[in-house]
Amino acid sequence: MTINQLKIYTPAKDFVESKRFYQALGFELTEAWGGNVDCKLGNAEFRLQNYYAKEWAENFMMQFWVDDVDAWHEHAKSVIESGKFNAGVKAPETVDGSKLFHVWDPCGVLLIFIQ
């Protein structure tokens with residue numbers, strides 16, 4: 001027995017803003033079942049859904065392993081500082097020997113970029 005694919009369903013408070021946010025980060029969006037969209041970049045893929053529950057969204061996290069945390073941080077920072085999104089970003093830090101930084105998407109989902 002095996003699992004061939006895992007797809008996480010991620011909440012969106014403002015579906016249109018969240019789609020634009022993930023596109024700005026570089027994800028390719030494709031239409032999915034039920035009016036949702038699949039967001040894919042490299043080997044990462046998740047389903048963004050037009051559904052929001054505050055407690056769930058603010059406790060939801062996704063971790064992305066990347067080759068260059070500093071480059072990703074600069075990219076995410078420029079997207080967020082454009083002022084087009086209600087999102088946040090923290091400076092990179094080293095935790096237990098791994099370099100990482102945090103981004104909060106427009107509905108409060110925590111994205112952890114780690115190298």
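State whether the residues of segment 82-89 include one that is surrounded by 12 or more Cβ atoms within 10 Å (Cβ to Cβ) and among the small types (Gly, Ala, Ser). Spell out the reasoning first.
Of all residues in segment 82-89, those surrounded by 12 or more Cβ atoms within 10 Å (Cβ to Cβ) come to 84-89.
Filter again for among the small types (Gly, Ala, Ser), leaving 87-88.
Yes, some residue in segment 82-89 is surrounded by 12 or more Cβ atoms within 10 Å (Cβ to Cβ) and among the small types (Gly, Ala, Ser).
Condition (residue is within 30 Å of residue 4 (Cα to Cα) and more than 12 Å from the chain's Cα centre (by Cα)) applied to segment 76-92: is it met by at least one residue?
no
For residue 12, are the conditions met, namely being surrounded by 17 or more Cβ atoms within 10 Å (Cβ to Cβ) and either over 12 Å from the mean Cα position of the chain (by Cα) or assigned to a loop (DSSP other than H, G, I, E, B) (or both)?
Details: surrounded by 17 or more Cβ atoms within 10 Å (Cβ to Cβ): yes; either over 12 Å from the mean Cα position of the chain (by Cα) or assigned to a loop (DSSP other than H, G, I, E, B) (or both): yes.
Considered against the rule, which asks whether it is surrounded by 17 or more Cβ atoms within 10 Å (Cβ to Cβ) and either over 12 Å from the mean Cα position of the chain (by Cα) or assigned to a loop (DSSP other than H, G, I, E, B) (or both), residue 12 comes out as yes.
Inspect all residues belonging to segment 55-64 and state whether any of them is surrounded by fewer than 15 Cβ atoms within 10 Å (Cβ to Cβ), under 15 Å from residue 113 (Cα atoms) and over 15 Å from the mean Cα position of the chain (by Cα). Steps first, please.
If we filter segment 55-64 for residues that are surrounded by fewer than 15 Cβ atoms within 10 Å (Cβ to Cβ), which is where we start, we get 55-56, 58-59, 61, 63.
Subset that is under 15 Å from residue 113 (Cα atoms): 61, 63.
Still in the running and over 15 Å from the mean Cα position of the chain (by Cα): none.
Looking through segment 55-64, none of the residues is surrounded by fewer than 15 Cβ atoms within 10 Å (Cβ to Cβ), under 15 Å from residue 113 (Cα atoms) and over 15 Å from the mean Cα position of the chain (by Cα).
If you scan segment 15-47, which residues turn out to be part of a loop (DSSP other than H, G, I, E, B) and closer than 17 Å to residue 84 by Cα? Reasoning before the result, please.
Keep residues of segment 15-47 that are part of a loop (DSSP other than H, G, I, E, B), which gives 26-27, 32, 36, 42-43.
26, 27 - these are the residues of segment 15-47 that are part of a loop (DSSP other than H, G, I, E, B) and closer than 17 Å to residue 84 by Cα.
Which numbered condition in (1) in contact with an Asp or Glu (Cβ under 7 Å, 6 or more places away or on another chain); (2) without any contact (Cβ under 8 Å) to a residue 60 or more places away in the chain is the only one that residue 87 fails?
Unmet for residue 87, out of (1) in contact with an Asp or Glu (Cβ under 7 Å, 6 or more places away or on another chain); (2) without any contact (Cβ under 8 Å) to a residue 60 or more places away in the chain: (2).
Laboratory data are not the source of any read-out in this text; all were calculated from the coordinates shown. All values reported here derive from a predicted model rather than from experimental measurement. Counting neighbours? That spans all protein chains shown, and the Cβs are built from the backbone with ideal geometry, glycine included.
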